[in-house]
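See below for the structure under consideration.
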Amino acid sequence: MGQDSVSTPRLSFGPEQDGADETPETGTPYAQYVRLETLHSLQHPRSKVDAELSFIITTQVMELLFDLLRHEWTTAQHALREDDLTAAFAALRRGTHVQDVLISSWDLLATMTPGEFTSFREVLGEASGFQSSAFLRLEFMLGNKNASLLEMYQGSPAVHGELTVALHAPSLYDEALALLARRGVAVPHEPGTARYRANEEVEAAWRLIYTDPERAELARLGEALLDTAERVTRWRQRHYSSVKRTMGAKPGTGGSSGLTWLKQSADQDVFPELWTVRSEL
Ligand code: HEM
């Protein structure tokens, strides 16, 4: 075939491949692989308002990206546990790209007016992203643990069980601090099931790392974690702005005060000592 010829994609295919474990899909190999029929059957607006479809799809896209982020952070945690910083950096880097897409996903809702949102808001009932178990799973990985939130999932034993395991598992930051300790930087920290709180000795450990050229690789780890932390905050800030645009200071469907609650959440830094140490450098 000549280099400048353009070949058209094939239009007929071999036999359908059975999905080994799930309901087989029909159609092109692409449709079967991506499970198109199932994917496109999952959008069910409850109103006749156009903007509701973009609200549903944006939410579904973000849910999928939460799963992908969890995958990357799990890889990063395993790599840290195995003292494999190269693999940890690669996974964290992939994670920051997922986070960037998550942050820009808020653009999909940027054109939704308060009138449009108000006209379908009642169909949400008490539904709120606050109930997202995938998001809570990420929060636990970041060290923002809160056992009382598990109560929401009493009616879903599988989700409840998975989050209980996550609550007791070390966070990404716990794994990073354990690695620092193994590399001779004393950090008085034990993983627990409560929200991670800033600790002066951990800050001192990062100060030592950032000021010692011999520990440049650990400083790179600090910066990679900070890249992640900053994007967590940016996502929360864009959420806050979207909410401010679309419903102002009304209370949330999940029962919170809305904007003030979201602001408080956006103001809490993850991996706190990586932020505070900057005043000391
Ligand atoms: C403009 C549309 C949106 C509005 C007005 C809105 C509003 C709110 C409000 C008021 C809260 C606080 C809890 C409550 O009382 O409900 C909240 C929490 C939350 N929302 Fe949204 N939201 C919107 C879109 C989204 C989307 C698309 C997602 C994607 C999954 C999402 C995910 C979340 C999450 C994860 C929380 C918990 C945040 C945290 O714990 O810091 N929201 N939302």
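Here Q43 meets each of (1) more than 16 Å from the ligand (Cβ to nearest atom); (2) assigned to a loop (DSSP other than H, G, I, E, B) with one exception, condition (1). From the list E217, E280, E273, the one residue that fits, being buried (at least 17 other Cβ atoms within 10 Å of the Cβ) and more than 20 Å from I103 (Cβ to Cβ), is E273. For a quick check of your reading: which helices (runs of 4 or more DSSP H) sit entirely within the stretch 91-192 and have at least 1 residues that are at pLDDT 95 or above and under 30 Å from R220 (Cβ atoms)? Those helices (runs of 4 or more DSSP H) span 133-142, 157-168, 172-182. For beta carbons closer than 6 Å, sequence separation of 6+ or different chains, a first residue in the stretch 236-256 that is in contact (Cβ under 8 Å) with a residue 24 or more places away in the chain and a second that is within 6 Å of the ligand (Cβ to nearest atom) and small (G, A, S), the qualifying pairs are R236/S265; G252/S128; G252/G258; T253/S128; G254/S128. Give me a count of the residues in the stretch 46-72 that are part of a helix (DSSP H, G or I) and either more than 26 Å from E139 (Cβ to Cβ) or more than 16 Å from the ligand (Cβ to nearest atom) (or both). Going through the stretch 46-72 one residue at a time, the tally reaches 5.
For the stretch 236-281, the set of residues classified as at positive phi and more than 8 Å from the ligand (Cβ to nearest atom) consists of G248, F271, listed by residue number.
L109: out of contact with any Gly (no Cβ under 6 Å at 6 or more places or on another chain), surrounded by 19 or more Cβ atoms within 10 Å (Cβ to Cβ), under 25 Å from G255 (Cα atoms) and in contact (Cβ under 8 Å) with a residue 12 or more places away in the chain, yes or no? Yes. Within the stretch 238-281, the residues that satisfy the criterion of being assigned to a loop (DSSP other than H, G, I, E, B) and among the polar types (S, T, N, Q) are T253, S256, S257, Q268.
I'd like the full set of residues that are in contact (Cβ under 8 Å) with a residue 40 or more places away in the chain and among the polar types (S, T, N, Q), limited to the stretch 125-170. Selection gives S128, Q131, S132, N144, N146.
A search for C-beta distances below 8 Å between a residue of the stretch 263-281 that is of a type in the set (G, A, S) and any residue that is part of a helix (DSSP H, G or I), counting only pairs 6+ apart in sequence or on different chains, returns S265/R236; A266/T233; A266/R236; A266/Q237; A266/H239; A266/Y240. Screening the candidates E72, E52, E37 for the property of being of a type outside the set (A, V, I, L, M, F, W, C) and touching a Phe, Trp or Tyr at 6+ places or on another chain (Cβ under 8 Å) yields one hit, E52. In the set (1) touching a residue at least 12 places away in the same chain (Cβ under 8 Å); (2) part of a helix (DSSP H, G or I), the condition left unmet by T86 is number (1). Please enumerate the residues belonging to the stretch 18-40 that are more than 30 Å from S54 (Cβ to Cβ) and modelled with pLDDT of 65 or more. Correct list: P24 only.
The values are calculated or read from the model by the stated rules, or taken from the named source; none is laboratory data. This one's a predicted model, so the numbers in the text were calculated from it and none came from an experiment. Cβ coordinates were reconstructed from backbone atoms using ideal geometry, including for glycine residues, and neighbour counts include every protein chain displayed.
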